[in-house]
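The values are calculated or read from the model by the stated rules, or taken from the named source; none is laboratory data. The model shown is predicted, which means the values in this text are computed figures rather than measured ones. All Cβ positions, even for glycine, are placed from backbone atoms using ideal geometry, and neighbour counts span all protein chains on display.
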Amino acid sequence: MEELVIEGGRRLQGAVQVSGAKNAILPILAGCLLARGKSVIRNVPNLKDVRVMGEMLRELGVKVRWQGEHRMEVEVVQDDRIEAPYEWVRQMRASFWVLGALLARRGQASVPLPGGCVIGVRPVDLHLKGLRAMGAEIEVRGGNVIARAPQGLHGAEIYLGGHFGSSVGATVNVLLAAVLARGRTVIHSAACEPEVDDLANFLHLMGAQIRGIGSPRLEIEGVEDLHGVDYFVIPDRIEAATLLIAGAITRGDVKVVDARPEHLFAILDTFREIGVPLEAGDRWVSVHCGEMVRFHSVDITTHPYPGFPTDAQAQMMALLTTVEGISVITEYIFPDRFMHVAEMNRLGAGIRKENAHAIVEGQRRLSGATVMASDLRASAAMVLAGLVAEGRTRIQNIEHLDRGYERLEEKLRALGAHIEREKVGVESARISA
Ligand code: EPZ
């Protein structure tokens, strides 16, 4: 096992490059199942989740080759495999997104239900609703979704809004099915996250006919075939937000190269409300905090894009623990996504959870301690808090962090942070009550 050890108190300064977007490459790799011929995907982040999706594709008859650290070559070489192994879905729930592509290309699929995780139950009812509307016969047996489309899929008009608004995963699964279905599919209340747009642009380049990209209404005319392409994945807006918050929480000067301001509107608006001095160009954003800068508490509610992203909620909470006043964070997307609260309080933060709200009493002096990472974004929040906690912070179970951040400690060290990765013994697990 490995742990991160951070000596807090250093102001970060300098420029850092953001990697390709994890949540764009994962659906794009699922989309590769649809094409005949080879695709080259560039700006691929070298992450555990991406490697798991690569293994999933290999099990489904796809040749996957890494060409250098950030480029993948992907080609379907055998298209009679229809069973996705639980081993990969268990490790990375987005591998459930091969369902729509397998149904569209191979007419049937057996994909394990992904199950829940620490941030929520993670249902897939909207995914199945959309595929059934397109003519798929679906049953759930033995923990697997078994889907067949003996006559092929047909277009349908589908509303994908759920109790929590639009769904990234359901939009991805239905979009991947619709591009090869017979006729027209209209998806209402489609997710508009930039990563969904990136998938749609990738499919469009492959020859798919999609209108309304970037809007909550996607219109797809099914086509017969899709061909391989050479594609450059968008930068990761959540990593960019995490690195900008690292600059703000240490009251430093940090420029994030390749950050797209147009993908970060809600984050930048929150920074402005807090009083974080910002500058931005087409392909970069920077924070410049002098020692005397005064930040203000704010209230945040997470929403589907273009709202404040749930994936940056934990990281922004870390910043707000250092800001004078009371901030209230409402988690609308995953109401249980507060595993980081208890760990942050171990560092001396004063955060109270009330249902889907976290009340953050700011301006607390954080002091270093040993804390445990529970999920990807909570891990990032603990790193951010460790950057300002007095003394040493040790973060255990950092395999969660490696799922979504490429060498984060190296990027932060290059900005002046005292942060090291250490190999330790067996996995640490808190003894549950
Ligand atoms: C994607 O998960 C992201 N994962 C998540 O990022 C992100 O937090 C989430 O979208 C929301 O933006 C990837 O892209 C790989 P949803 P997904 O379907 O698709 C409910 C990270 O940290 N819902 O948009 O699973 C659901 O419970 C990860 O990178 C249904 O009710 O999320 C949630 O409350 C964590 N029924 C809301 O919708 C369904 O059928 C949004 O979920 C599907 C979802």
(request) Under 8 Å between Cβ atoms, at least 6 apart or on separate chains: pull out the pairs that start in segment 79-95 with a residue that is more than 19 Å from ALA21 (Cα to Cα) and assigned to a loop (DSSP other than H, G, I, E, B) and end on any residue that is at pLDDT 90 or above and of a type in the set (Asp, Glu). (result) ARG81/GLU59; ALA84/GLU59; PRO85/GLU59
(request) Identify, by number, the condition in (1) away from the ligand (no atom under 16 Å from the Cβ); (2) at pLDDT 95 or above; (3) surrounded by fewer than 17 Cβ atoms within 10 Å (Cβ to Cβ) that PRO306 doesn't meet. (result) (1)
(request) Give segment 109-127 a look and list any residue that's within 9 Å of the ligand (Cβ to nearest atom), in contact with a strand residue (DSSP E or B) (Cβ under 9 Å, 6 or more places away or on another chain) and closer than 11 Å to PHE96 by Cβ, or say none. (result) VAL124, HIS127
(message) Quick check on my filter: what residues within segment 361-376 are touching a residue at least 40 places away in the same chain (Cβ under 8 Å), away from the ligand (no atom under 16 Å from the Cβ) and small (Gly, Ala, Ser)?
(response) GLY362, GLY368
(message) If I ask for residues that are outside any loop (DSSP other than H, G, I, E, B) and of a type in the set (Phe, Trp, Tyr), which ones from segment 153-212 would you list?
(response) TYR159, PHE202
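Test ALA94 against the criterion of being within 10 Å of the ligand (Cβ to nearest atom), hydrophobic (A, V, I, L, M, F, W, C) and touching a helix residue (DSSP H, G or I) at 6+ places or on another chain (Cβ under 6 Å), and give yes or no.
Numbers: within 10 Å of the ligand (Cβ to nearest atom): yes; hydrophobic (A, V, I, L, M, F, W, C): yes; touching a helix residue (DSSP H, G or I) at 6+ places or on another chain (Cβ under 6 Å): yes.
In short, yes.
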(message) Against the conditions (1) farther than 19 Å from LYS411 by Cα; (2) in contact (Cβ under 8 Å) with a residue 40 or more places away in the chain; (3) crowded, with 19+ Cβ neighbours inside 10 Å, where does LEU264 fall short? Just the number, please.
(response) (2)
(message) Could you go through segment 346-356 and let me know if any residue there is in contact with a strand residue (DSSP E or B) (Cβ under 6 Å, 6 or more places away or on another chain), among the charged types (D, E, K, R) and surrounded by 22 or more Cβ atoms within 10 Å (Cβ to Cβ).
(response) no
(message) Could you check segment 129-168 and list, in sequence order, the residues that are closer than 13 Å to PRO112 by Cα and surrounded by fewer than 22 Cβ atoms within 10 Å (Cβ to Cβ)?
(response) ILE138, GLU139, VAL140, ARG141, GLY142, GLY143, ASN144, ILE146
(request) From VAL18, VAL89, grab the single residue that is in contact with a helix residue (DSSP H, G or I) (Cβ under 6 Å, 6 or more places away or on another chain), within 20 Å of VAL383 (Cβ to Cβ) and within 16 Å of the ligand (Cβ to nearest atom). (result) VAL18
